[in-house]
Amino acid sequence: MAIPTKARFLTQTEWDILTGVFGDTLPFRQRILITNGLGGGDAPFTIPTSAISVATIPAAVQAALSSLAIQYLGGQDGLLARTMNRSGFTGPMAMLSQVTSLVNLGYLVNVGPTPFQDMSGTHKNLLVHELAHVWQGKNSTAATTYVVNSIMHQCRASIFGSSRNGAYDYPAGQSWSSYNTEQQASIIEHWFESGKPESGPLWPYIRDYVRKGKT
(Lines give C-alpha, C1' and ligand atoms only; values in the text may rest on other atoms or scores of the structure.)
Protein backbone atom coordinates (compact mmCIF):
# COMPACT_ATOMS: atom_id res chain seq x y z
CA MET A 1 0.00 0.00 0.00
CA ALA A 2 1.19 3.50 -0.79
CA ILE A 3 -0.45 6.67 0.53
CA PRO A 4 -1.10 9.05 -2.39
CA THR A 5 0.93 12.26 -2.25
CA LYS A 6 0.61 13.53 -5.83
CA ALA A 7 -2.22 13.90 -8.32
CA ARG A 8 -2.62 15.11 -11.88
CA PHE A 9 -5.20 15.27 -14.64
CA LEU A 10 -5.08 13.03 -17.70
CA THR A 11 -2.81 14.17 -20.51
CA GLN A 12 -4.24 14.73 -23.98
CA THR A 13 -2.47 11.59 -25.24
CA GLU A 14 -3.98 9.49 -22.45
CA TRP A 15 -7.40 10.99 -23.12
CA ASP A 16 -7.12 10.17 -26.82
CA ILE A 17 -6.40 6.54 -25.95
CA LEU A 18 -9.46 6.41 -23.72
CA THR A 19 -11.87 8.04 -26.15
CA GLY A 20 -10.74 5.46 -28.71
CA VAL A 21 -12.11 2.82 -26.35
CA PHE A 22 -15.04 4.43 -24.53
CA GLY A 23 -16.14 7.06 -27.02
CA ASP A 24 -18.01 9.87 -25.28
CA THR A 25 -19.24 7.77 -22.33
CA LEU A 26 -16.63 8.88 -19.75
CA PRO A 27 -17.07 11.81 -17.34
CA PHE A 28 -15.72 15.26 -18.09
CA ARG A 29 -11.92 14.87 -18.35
CA GLN A 30 -11.24 17.27 -15.50
CA ARG A 31 -13.23 15.09 -13.09
CA ILE A 32 -10.63 12.32 -13.29
CA LEU A 33 -7.44 12.41 -11.23
CA ILE A 34 -4.44 10.09 -11.52
CA THR A 35 -2.56 9.61 -8.22
CA ASN A 36 0.66 7.87 -7.16
CA GLY A 37 -1.11 5.86 -4.44
CA LEU A 38 -1.72 2.10 -4.26
CA GLY A 39 -4.15 -0.10 -2.40
CA GLY A 40 -3.72 -3.28 -0.36
CA GLY A 41 -1.13 -5.64 -1.78
CA ASP A 42 0.23 -2.69 -3.78
CA ALA A 43 -2.69 -3.05 -6.19
CA PRO A 44 -4.01 -0.13 -8.25
CA PHE A 45 -7.55 0.94 -7.45
CA THR A 46 -10.06 3.51 -8.65
CA ILE A 47 -12.62 5.13 -6.41
CA PRO A 48 -15.23 7.90 -6.71
CA THR A 49 -14.80 10.68 -4.17
CA SER A 50 -18.21 9.77 -2.73
CA ALA A 51 -16.77 6.41 -1.59
CA ILE A 52 -13.53 7.63 0.02
CA SER A 53 -14.92 7.08 3.51
CA VAL A 54 -15.69 3.37 2.98
CA ALA A 55 -14.50 1.21 5.86
CA THR A 56 -12.07 -0.86 3.76
CA ILE A 57 -9.76 2.12 3.21
CA PRO A 58 -7.31 2.96 6.04
CA ALA A 59 -7.78 6.35 7.69
CA ALA A 60 -4.43 7.70 6.44
CA VAL A 61 -5.34 6.87 2.83
CA GLN A 62 -8.81 8.38 3.28
CA ALA A 63 -7.27 11.61 4.54
CA ALA A 64 -4.79 11.80 1.67
CA LEU A 65 -7.43 11.08 -0.97
CA SER A 66 -9.82 13.61 0.53
CA SER A 67 -7.12 16.29 0.56
CA LEU A 68 -6.25 15.69 -3.11
CA ALA A 69 -9.93 15.64 -4.11
CA ILE A 70 -10.60 18.98 -2.44
CA GLN A 71 -7.39 20.52 -3.80
CA TYR A 72 -8.10 19.55 -7.41
CA LEU A 73 -11.85 19.11 -7.65
CA GLY A 74 -13.71 20.72 -4.79
CA GLY A 75 -15.38 24.04 -4.23
CA GLN A 76 -15.54 27.18 -6.34
CA ASP A 77 -11.75 27.57 -6.18
CA GLY A 78 -10.88 23.98 -7.15
CA LEU A 79 -9.14 23.29 -10.45
CA LEU A 80 -12.34 21.77 -11.87
CA ALA A 81 -14.30 24.98 -11.30
CA ARG A 82 -11.48 27.12 -12.70
CA THR A 83 -11.23 24.92 -15.79
CA MET A 84 -14.98 25.17 -16.41
CA ASN A 85 -14.81 28.95 -16.07
CA ARG A 86 -11.96 29.15 -18.58
CA SER A 87 -13.98 26.97 -20.95
CA GLY A 88 -16.96 29.30 -20.74
CA PHE A 89 -19.14 27.16 -18.49
CA THR A 90 -20.83 29.85 -16.43
CA GLY A 91 -24.28 30.50 -14.99
CA PRO A 92 -26.45 27.37 -14.88
CA MET A 93 -23.59 25.11 -16.00
CA ALA A 94 -21.35 26.33 -13.20
CA MET A 95 -24.18 25.84 -10.70
CA LEU A 96 -24.76 22.33 -12.04
CA SER A 97 -21.12 21.41 -11.50
CA GLN A 98 -21.41 22.48 -7.86
CA VAL A 99 -24.61 20.48 -7.32
CA THR A 100 -22.99 17.42 -8.90
CA SER A 101 -19.97 17.80 -6.66
CA LEU A 102 -22.17 17.37 -3.60
CA VAL A 103 -22.79 13.80 -4.73
CA ASN A 104 -19.50 12.89 -6.39
CA LEU A 105 -16.69 15.33 -7.16
CA GLY A 106 -14.94 12.93 -9.49
CA TYR A 107 -12.75 9.84 -9.60
CA LEU A 108 -9.34 9.10 -8.12
CA VAL A 109 -7.35 6.59 -10.17
CA ASN A 110 -4.55 5.29 -7.93
CA VAL A 111 -1.86 3.59 -10.01
CA GLY A 112 1.43 3.85 -8.09
CA PRO A 113 4.56 6.00 -8.53
CA THR A 114 5.84 4.66 -11.86
CA PRO A 115 2.61 4.57 -13.93
CA PHE A 116 1.71 7.94 -12.41
CA GLN A 117 4.38 9.62 -14.52
CA ASP A 118 2.88 8.61 -17.88
CA MET A 119 0.25 6.01 -18.76
CA SER A 120 0.24 6.47 -22.53
CA GLY A 121 3.02 3.94 -23.21
CA THR A 122 3.96 0.88 -21.18
CA HIS A 123 1.05 1.33 -18.78
CA LYS A 124 -1.78 2.00 -21.24
CA ASN A 125 -3.45 -1.36 -20.56
CA LEU A 126 -3.63 -0.44 -16.88
CA LEU A 127 -5.00 2.97 -17.88
CA VAL A 128 -7.84 1.35 -19.83
CA HIS A 129 -8.61 -1.16 -17.07
CA GLU A 130 -8.80 1.45 -14.33
CA LEU A 131 -10.78 3.88 -16.47
CA ALA A 132 -13.25 1.07 -17.10
CA HIS A 133 -14.13 1.50 -13.42
CA VAL A 134 -14.62 5.22 -13.98
CA TRP A 135 -16.90 4.30 -16.90
CA GLN A 136 -18.85 1.96 -14.60
CA GLY A 137 -19.25 4.66 -11.97
CA LYS A 138 -20.32 7.30 -14.46
CA ASN A 139 -22.89 5.08 -16.15
CA SER A 140 -24.35 3.45 -13.02
CA THR A 141 -27.23 4.81 -10.97
CA ALA A 142 -24.79 5.43 -8.10
CA ALA A 143 -21.05 5.95 -8.61
CA THR A 144 -20.30 3.70 -5.63
CA THR A 145 -22.10 0.66 -7.10
CA TYR A 146 -19.04 -0.74 -8.86
CA VAL A 147 -16.89 -0.30 -5.71
CA VAL A 148 -19.17 -2.54 -3.66
CA ASN A 149 -19.41 -5.06 -6.51
CA SER A 150 -15.63 -5.20 -6.92
CA ILE A 151 -14.95 -5.67 -3.20
CA MET A 152 -17.62 -8.36 -2.93
CA HIS A 153 -16.32 -10.44 -5.84
CA GLN A 154 -12.65 -10.09 -4.87
CA CYS A 155 -13.51 -11.30 -1.36
CA ARG A 156 -15.57 -14.16 -2.79
CA ALA A 157 -12.70 -15.17 -5.08
CA SER A 158 -10.30 -15.13 -2.12
CA ILE A 159 -12.59 -17.41 -0.11
CA PHE A 160 -13.53 -19.91 -2.81
CA GLY A 161 -10.46 -19.64 -5.04
CA SER A 162 -6.71 -19.32 -4.68
CA SER A 163 -6.65 -15.52 -4.63
CA ARG A 164 -8.69 -12.40 -5.28
CA ASN A 165 -7.44 -12.51 -8.89
CA GLY A 166 -10.21 -15.00 -9.59
CA ALA A 167 -12.59 -12.03 -9.67
CA TYR A 168 -10.94 -10.94 -12.95
CA ASP A 169 -11.35 -14.23 -14.83
CA TYR A 170 -14.22 -14.54 -17.28
CA PRO A 171 -15.59 -16.95 -19.89
CA ALA A 172 -16.40 -14.99 -23.07
CA GLY A 173 -19.83 -15.34 -24.61
CA GLN A 174 -22.04 -14.65 -21.63
CA SER A 175 -24.39 -11.69 -21.23
CA TRP A 176 -22.67 -8.40 -20.33
CA SER A 177 -24.75 -7.95 -17.18
CA SER A 178 -23.68 -11.37 -15.87
CA TYR A 179 -20.07 -10.23 -15.48
CA ASN A 180 -18.90 -8.55 -12.28
CA THR A 181 -17.14 -5.19 -12.41
CA GLU A 182 -13.63 -6.64 -12.55
CA GLN A 183 -14.60 -9.04 -15.32
CA GLN A 184 -16.09 -6.20 -17.35
CA ALA A 185 -12.93 -4.13 -16.87
CA SER A 186 -10.80 -7.12 -17.93
CA ILE A 187 -12.89 -7.64 -21.07
CA ILE A 188 -12.43 -3.99 -22.04
CA GLU A 189 -8.69 -4.15 -21.30
CA HIS A 190 -8.17 -7.37 -23.27
CA TRP A 191 -10.10 -6.03 -26.26
CA PHE A 192 -7.89 -2.94 -26.24
CA GLU A 193 -4.73 -5.01 -25.76
CA SER A 194 -5.61 -7.17 -28.77
CA GLY A 195 -5.65 -4.11 -31.04
CA LYS A 196 -9.30 -2.99 -30.78
CA PRO A 197 -10.62 -5.46 -33.39
CA GLU A 198 -14.12 -4.84 -34.72
CA SER A 199 -14.80 -8.56 -34.81
CA GLY A 200 -14.35 -11.52 -32.48
CA PRO A 201 -15.97 -12.52 -29.18
CA LEU A 202 -15.24 -9.29 -27.27
CA TRP A 203 -16.24 -6.71 -29.88
CA PRO A 204 -20.04 -6.98 -29.27
CA TYR A 205 -19.51 -5.94 -25.64
CA ILE A 206 -17.66 -2.80 -26.72
CA ARG A 207 -20.07 -1.97 -29.53
CA ASP A 208 -23.36 -2.68 -27.76
CA TYR A 209 -22.56 -1.76 -24.16
CA VAL A 210 -19.34 0.16 -23.51
CA ARG A 211 -19.74 2.77 -26.26
CA LYS A 212 -23.43 3.14 -25.46
CA GLY A 213 -22.80 3.66 -21.73
CA LYS A 214 -24.82 0.60 -20.78
CA THR A 215 -23.59 -1.16 -17.65
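Pairs are defined by a Cβ separation below 8 Å, a sequence spacing of at least 6 or placement on different chains, a first member in region 1-30 that is farther than 18 Å from residue 106 by Cα, and a second member that is of a type in the set (Val, Ile, Thr) and surrounded by 16 or more Cβ atoms within 10 Å (Cβ to Cβ); the pairs so defined are 1/61; 3/61; 17/128; 21/128; 21/188; 21/206; 21/210; 23/210. Mind checking which pairs have a first residue in region 199-215 that is hydroxyl-bearing (Ser, Thr, Tyr) and in a loop (DSSP other than H, G, I, E, B) and a second that is surrounded by 15 or more Cβ atoms within 10 Å (Cβ to Cβ) and at pLDDT 95 or above, Cβ under 6 Å, 6 or more apart or different chains? If the second residue must be surrounded by 15 or more Cβ atoms within 10 Å (Cβ to Cβ) and at pLDDT 95 or above, the pairs left are 209/176. Might you let me know whether region 142-149 holds any residue that is at pLDDT below 95, more than 27 Å from residue 14 (Cα to Cα) and part of a loop (DSSP other than H, G, I, E, B)? Checked region 142-149: no residue is at pLDDT below 95, more than 27 Å from residue 14 (Cα to Cα) and part of a loop (DSSP other than H, G, I, E, B). Residues that are acidic (Asp, Glu) and in a helix (DSSP H, G or I) within region 16-57 comprise 16, 42, listed in sequence order. I'd like to check something: does region 58-73 contain any residue that is closer than 20 Å to residue 132 by Cβ and at pLDDT 85 or above? Scanning region 58-73, I find no residue that is closer than 20 Å to residue 132 by Cβ and at pLDDT 85 or above, so the answer is no. Of the residues making up region 1-54, just one is polar (S, T, N, Q), surrounded by 21 or more Cβ atoms within 10 Å (Cβ to Cβ) and within 25 Å of residue 212 (Cβ to Cβ), namely 46.
Each row is one residue, and each column tells you yes or no for (1) touching a strand residue (DSSP E or B) at 6+ places or on another chain (Cβ under 7 Å); (2) at pLDDT 95 or above; (3) surrounded by fewer than 17 Cβ atoms within 10 Å (Cβ to Cβ).
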residue: 161; (1), (2), (3): no, no, yes
residue: 172; (1), (2), (3): no, no, yes
residue: 180; (1), (2), (3): no, no, no
residue: 199; (1), (2), (3): no, yes, yes
residue: 209; (1), (2), (3): no, yes, no
residue: 215; (1), (2), (3): no, no, no
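The values are calculated or read from the model by the stated rules, or taken from the named source; none is laboratory data. All figures in this text were calculated on a predicted structure; none of them were measured in a lab. Counting neighbours? That spans all protein chains shown, and the Cβs are built from the backbone with ideal geometry, glycine included.
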